[in-house]
Amino acid sequence: MKKILLIISALLMQMAAFAQNRFPKPDFESGYQYPDINYAVPNESLWLFVDIALLVLLMSFVSWAVIKKQTRKPIIWVSVISVAYFGFFRSGCVCSIGSIQNVALSLADSSYILPVSVLLFFILPIIFAFLFGRVFCAGVCPFGALQELVNIKNYRLSKALTTALSVIPWIYLIFAILYAVTRSSFIICKFDPFIGIFRFGGDFGLILFGVLLLITSIFTGRPFCRFICPYGALLSLFSRISIFKVQITKQQCINCELCHNACPVDAIKPPYDNKVKEKRLSGVKRILNYFIILPLLIVAGSVLMRYFSDDLSRAHYDVRLYDMIQQQEENPQNIMPLEVEAFYGEGKTVDELHTNVEKIKADFKFYSTIAGGFIGLVIGILLISLSTKRTRKLYEIEHADCVACGKCFDYCPQNKFDVKTAKLSI
Amino acid sequence: MKEDNNKKSPIERRKFLQMLGKVAAGGSILFVAGKLTTRLNQQEAGYYWQIDPEKCTQCGRCETHCVLNVSAVKCFHANKVCGYCDLCGGYYRSNVKELNTAAENLMCPTGAIKRKFVEDPYFEYSIDESLCNGCGKCVKGCTSFGNGSLYLQIKRDLCVDCNECQIAKVCPSKAITRVPIAMAYNLKDE
Amino acid sequence: MKKVIFRNITLVSAIFIVTFSIMLITNYFQVRQSSPLQTEIIESLKELNIQNSGNTELQAQIRQLDLMARKAYFVSMDHLITGVYILIGMLLVFIVSIRLYFSNYKDIPEKELDPIDEWVIKTQARKYVGFTATGMAAIALLFVVLSTPFLKDNTDKPKEEPLQASLVAQETTTAEPQQEAVVETIDQSEPEEETIETPEPAVVETEEPTISEKPEVKEDVKQETVPEKVEEVVSEPAKEEPKAVVAPVNTSNFNAFRGNNSNGLSDAKNVPTKWDLVAGTNIAWKTAIPLKGHNSPVVNGDKVFFTGADQDNRILFCYSLNDGKSLWQLKAENIPGSPAAAPKTTDDTGLAAPTVATNGKQVCAIFGTGDLICADMNGNKLWAKNIGVPDNHYGYASSLLTYNNLLIIQYDNSNESKVIALDMARGDEKWSTARQEKITWSSPVLAKVGAKEQLVLMGNPAMAAYDPDNGKQLWREEFLSGEVGASACSVNGIIYGASEYASLTAINGADGSVLWNASDYLPEVASPVATASNVYVATSYGIVVSYDAKTGELKKEQEFDGEFYSSPIIAEGKIFLFSTDGIMHIFSADDEFNLLDSFETGEKVFATPAFINDKIVVRTEESIYCVTTK
């Protein structure tokens, strides 16, 4: 086998030789001048600066509106600006959601150079989340803003179902990082449902998916943010413990229940007194059980994903190319796939490719194992958190889920400003 | 888990946990940011997608795989490399019998290549960018029969700088890479 | 009142959006269809136009269709873009009006709130998570198990199918208990849903996912070893496969000029070493040639092929190897594009200089007019075409060569230089590569470099190698000049090319690098021939020399009266070389390079003879004859 590989390696091609001058430069007698053609390079660095500046500005504005002023109006305008600028004008790239992959790749592979703008897009919303909650989600993220703008009414989904579905972003996040660090594919960018809408074109299936998501978000709040967005999952970690937190009202909550239906993402939890019908001991037992199961889940996930790694690695171009070349070598075709043809033209050897593919597969094995462990961990932690009980006396915001949209402010009769409007509407 | 003092302590414990979480989160932000910033100064990051004409094999995927409706890849023409031939491999199909502008003789499917008589026997060629769809047929003709003065480039003002270029993903010769802004174009006549 | 207006606007815009989107989507798919612009019809018409030029009707049709296609494309493209803008505009209207309509709407909870028991929700959510996780894991595992053999199948050859099938069977059986386990867990869980109130079962039930995952772990270990076996099975036959494909050398055939692959090597056994035409010693048969030509005979099975031509006729002949009787002949006539008057040629080249080539199924011949004909082994014409009249001041001389089912034509003339490959059975062009070389008279050679074959062409000023599968140039080395007539030869991946007034150069076929140059004695017409250790060159002024194949050092030279036009052929360790006056020289093809024998055969010889088991077929100026040992 190796011999054959070596031999194929010998098939070199001189691509550079094509660029030689077969025809000499003409000597013009008529005084012909070469036309002056300038290819414009737009002032990209300026735009990147505007991007970052606007990002910070809008997030600060939202923070101010939500934390200080407790009003929603500015957020609508922020949403409009964000959809118009980040969405339609800048065509949605690079966005914070996608930047996860660049950052993950940069952390895993030191040869990848991370552009400053991408780093800022990644880290700024996290810093803001740590300080003020998910103000980025509120209206600065064009995807969230777009869904927010079309949202009219919030039909409730089964809470048990939404809780269960909230695992998806985490798993999506884990897979996105797995594929990014192995340099296979940026799946978040590939399966972005809204980008096609912002660009007036693209993959038809994805646009359809985006439109369906938008139609859904008319009737229920932010399906993408809640059930798909991996960056939201990341931000929820920080907003859970943010330093300044969004409050429904600065006054005393009077448990009037009015705000309960206002939240589009089900982040307002009603009071709950712990009238459990089971014995304390059995509850403790359950939690302990889950703590025992947790490592098992992690191990099971790791092993399963490790076994999967070979199939997962097929997402990498080189692995697929190697398969194609194997096929070609075993069963030579006159008309080769473009990839194979280009490979032979490139002058690299199949051996080189083989070692490269082996390296990729080893990488995949390693990273899939870790990813599997994390999947187990996520499921385990969710199960544990679902078996704890908390007593609440008042209506409270679940800060991990809250996207700081500010819809609840209008409903609260304690918010002085809003008492009038509430009266008007009633 | 000490259950005995649970009755009065939950808030205290929660607060403690929250504080711990804050410290951890702040620490991790600083760590990641710090680690990434050390990487930043090394060299200028390539951010803009561009085609290396030396590697390009004119497979035709630039036309079909760009996320835009009409690909941001356009044909460029380096006049200083061009031989100004009458029988241009990029302008005419192979095996043409008559060198006129009739549709059956022309290579470009959209008619984006314009030709202008300069002096006997030279013709100047130029690309009408609004018509070009980046299919690379002319480039193939020019590289295999001519000087290679026609070549494909990503137009910077059209490209939306996807985080992951869809053409680069399927490019068989891996000719599309990220370049710093200083090298936004790989021009042949410079 | 205002509300009604907003509601109406909303409704109207909604209806508009829906209908408009449908229109846009249909338009979008239409653009998709016409987006390559050159529809297949136009493309095929254009091809047709090139084949028979001057058909104004056809041209007009193409122009019209082309215009229509472009128009349709740009118009619908334009529509699409304006359509999208209109749609976005309407969406904006829709959103604004619906927002205004709902401006003061407040979603106030009903008086009687459902008593939300968080604990119930949590319990249920836990259950969902548990089930989905298990389900996903099970489905994932099942998918992997089922898909693995399927994926492998693509790369396998039919031979392994039974083995594969058994593997599939094994793996599916291992997968089945898995499925059952999943079903079981689901079954068990159903009664538990009813007893949510009692939380203890919940613990048991959520434990189940991990229980069902544990056997998976064990199975993983088993399955991981199985695919490895499969890979081993795959890799072994892969070693043998190329050998079988690459070396179809049947010793009883001499399929092209200078043998199969045209390297001057023959595997023929029991080759005659002595004969005499006048006395009839060892002569099986002898037949006069009806039409002159400087091409060499080719033998496949019991058939001998050669061609002849004059100003009016161009004929492919097939004779029986056993008795020299004519089996059939095929005239190249009524070929579109064939010139009315044959191009001018010199007598020493003529219109039938290229040797025919066969792959055992088809036989093809080319003439100095550019006419190419192809027949099956029984003389039925398969196809014929003119590949362009060569502009050649001596006459077109490059012989044909076959590679698998491809017919390879070196077409280096003053008007055009290219190498093309045609499908032998149908005559379709498989690939065509333009060449930078000037007019050349030498013939293509297939050099085996490693497992892959390279198509090596001499030319002025360079020798170049191409991938015979697709015509891509692999390497090119400039060292030739003037009028190149001799062809290359190759042994062990090293290619030797030589021409008078240039040099004898050895090139490593693996990377196209020059190994050495020599210029002591160089051939003009006769092509060199090589063994692993020596390269032998016969010049047109009567000197035969051997060079060291490793260094290019001149080893031995021998001088004869006469000229060498016929190329030397190595068979059974001997070099057979005719001089033009018909004297056969036999040398030992070793380091000694001794003249073993030299004898008069009787007739002038320019062509290279064909060597097959027990026999040699020789074409002289006037006749063709067969020498035999029996």
Search the stretch A:386-418 for residues being surrounded by 15 or more Cβ atoms within 10 Å (Cβ to Cβ) and either polar (S, T, N, Q) or free of Cβ contacts under 8 Å to residues at least 24 places away in the same chain (or both), and hand back the single one that is farthest from A:Val246 (Cα to Cα).
-> A:Ser387
Across the stretch A:369-394, what is the number of residues that are assigned to a loop (DSSP other than H, G, I, E, B) and more than 11 Å from chain C (Cβ to nearest Cβ)?
-> 2
Looking at the stretch A:105-119, which of its residues are crowded, with 20+ Cβ neighbours inside 10 Å and either part of a helix (DSSP H, G or I) or touching a residue at least 24 places away in the same chain (Cβ under 8 Å) (or both)?
-> A:Ser106, A:Ser117, A:Val118, A:Leu119
Within the stretch B:65-78, which residues are within 8 Å of another protein chain (Cβ to nearest Cβ) and more than 20 Å from B:Ser144 (Cβ to Cβ)?
-> B:Val67, B:Leu68, B:Asn69, B:Val70
Which one of B:Thr110, B:Thr64, B:Thr57 is under 30 Å from A:Gly205 (Cα atoms) and either part of a strand (DSSP E or B) or touching a residue at least 60 places away in the same chain (Cβ under 8 Å) (or both)?
-> B:Thr57
Does any residue of the stretch C:345-360 turn out to be surrounded by fewer than 21 Cβ atoms within 10 Å (Cβ to Cβ), within 28 Å of the chain's Cα centre (by Cα) and either assigned by TED's automatic domain parsing to the domain that holds C:Thr440 or part of a loop (DSSP other than H, G, I, E, B) (or both)?
-> yes
(1) surrounded by fewer than 17 Cβ atoms within 10 Å (Cβ to Cβ); (2) more than 22 Å from C:Asn104 (Cβ to Cβ) all hold for A:Lys73 apart from (2)
Could you tell me whether C:Glu500 is out of contact with any strand residue (DSSP E or B) (no Cβ under 9 Å at 6 or more places or on another chain) and modelled with pLDDT under 90?
-> yes
The listed residue being out of contact with any helix residue (DSSP H, G or I) (no Cβ under 7 Å at 6 or more places or on another chain), among the hydrophobic types (A, V, I, L, M, F, W, C) and at the interface with another protein chain (Cβ under 9 Å from one of its Cβ atoms), out of B:Cys82, B:Cys159, B:Cys142, B:Cys165 = B:Cys82
Within the group B:Lys137, B:Lys188, which residue is of a type in the set (Lys, Arg) and outside the structural domain of B:Cys75 (by TED's automatic domain parsing)?
-> B:Lys188
Which one of C:Lys448, C:Lys418 is in contact (Cβ under 8 Å) with a residue 40 or more places away in the chain and either touching a Pro at 6+ places or on another chain (Cβ under 8 Å) or within 11 Å of another protein chain (Cβ to nearest Cβ) (or both)?
-> C:Lys448
Of all residues making up the stretch C:599-630, the number that are among the small types (Gly, Ala, Ser) and not in a strand (DSSP E or B) | 2
Identify, by number, the condition in (1) under 23 Å from C:Ile439 (Cα atoms); (2) surrounded by fewer than 23 Cβ atoms within 10 Å (Cβ to Cβ); (3) among the aliphatic types (A, V, I, L, M); (4) touching a residue at least 24 places away in the same chain (Cβ under 8 Å) that C:Ala510 doesn't meet.
-> (1)
Within the stretch C:602-616, identify whether any single residue is of a type in the set (S, T, N, Q) and under 38 Å from the mean Cα position of the chain (by Cα), and answer yes or no.
-> yes
From C:Leu400, C:Leu382, residue being more than 13 Å from C:Arg314 (Cβ to Cβ), surrounded by fewer than 18 Cβ atoms within 10 Å (Cβ to Cβ), in contact with a strand residue (DSSP E or B) (Cβ under 8 Å, 6 or more places away or on another chain) and hydrophobic (A, V, I, L, M, F, W, C) = C:Leu382
Qualifying positions in the stretch C:474-504 - surrounded by 24 or more Cβ atoms within 10 Å (Cβ to Cβ) and more than 15 Å from C:Gly264 (Cβ to Cβ) | C:Leu474, C:Trp475, C:Leu480, C:Val484, C:Ser499
Being of a type outside the set (Asp, Glu) and free of Cβ contacts under 8 Å to residues at least 24 places away in the same chain narrows A:Phe224, A:Phe186, A:Phe200, A:Phe219 down to just A:Phe200
If we scan the stretch A:78-93, do we find a residue that is in contact with a helix residue (DSSP H, G or I) (Cβ under 7 Å, 6 or more places away or on another chain), crowded, with 21+ Cβ neighbours inside 10 Å and free of Cβ contacts under 8 Å to residues at least 24 places away in the same chain?
-> no
Residue within the stretch C:504-511 that is within 25 Å of C:Ser399 (Cα to Cα) and over 29 Å from the mean Cα position of the chain (by Cα) present | yes
Condition test on B:Cys56, is it buried (at least 17 other Cβ atoms within 10 Å of the Cβ), modelled with pLDDT of 90 or more and within 21 Å of B:Cys142 (Cβ to Cβ)?
-> no
Report, by residue number, each residue of the stretch A:88-102 that is out of contact with any Asp or Glu (no Cβ under 7 Å at 6 or more places or on another chain), more than 7 Å from chain B (Cβ to nearest Cβ) and either in a loop (DSSP other than H, G, I, E, B) or among the β-branched types (Val, Ile, Thr) (or both).
-> A:Gly92, A:Cys95, A:Ile97, A:Ile100
Go through the residues of the stretch B:102-113 one by one and say whether even a single one is in contact with a helix residue (DSSP H, G or I) (Cβ under 7 Å, 6 or more places away or on another chain), surrounded by 20 or more Cβ atoms within 10 Å (Cβ to Cβ) and at the interface with chain A (Cβ under 10 Å from one of its Cβ atoms).
-> no
Output yes when any residue across the stretch A:141-164 is modelled with pLDDT of 90 or more and among the aromatic types (Phe, Trp, Tyr), and no when none is.
-> yes
Could you count how many residues in the stretch A:252-265 are part of a loop (DSSP other than H, G, I, E, B), crowded, with 19+ Cβ neighbours inside 10 Å and not aliphatic (A, V, I, L, M)?
-> 2
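Looking at B:Phe123, is it surrounded by fewer than 18 Cβ atoms within 10 Å (Cβ to Cβ) and farther than 30 Å from C:Gly471 by Cα?
It is false that B:Phe123 is surrounded by fewer than 18 Cβ atoms within 10 Å (Cβ to Cβ) and farther than 30 Å from C:Gly471 by Cα.
Out of C:Lys550, C:Lys555, I need the residue that is basic (Lys, Arg) and either at pLDDT 90 or above or assigned to a strand (DSSP E or B) (or both). Which one?
C:Lys555
The values are calculated or read from the model by the stated rules, or taken from the named source; none is laboratory data. Here the structure is a predicted model, which means the values were calculated and not measured. Don't worry about glycine lacking a Cβ; one is built from the backbone with ideal geometry, like all the others, and counts go over all protein chains shown.
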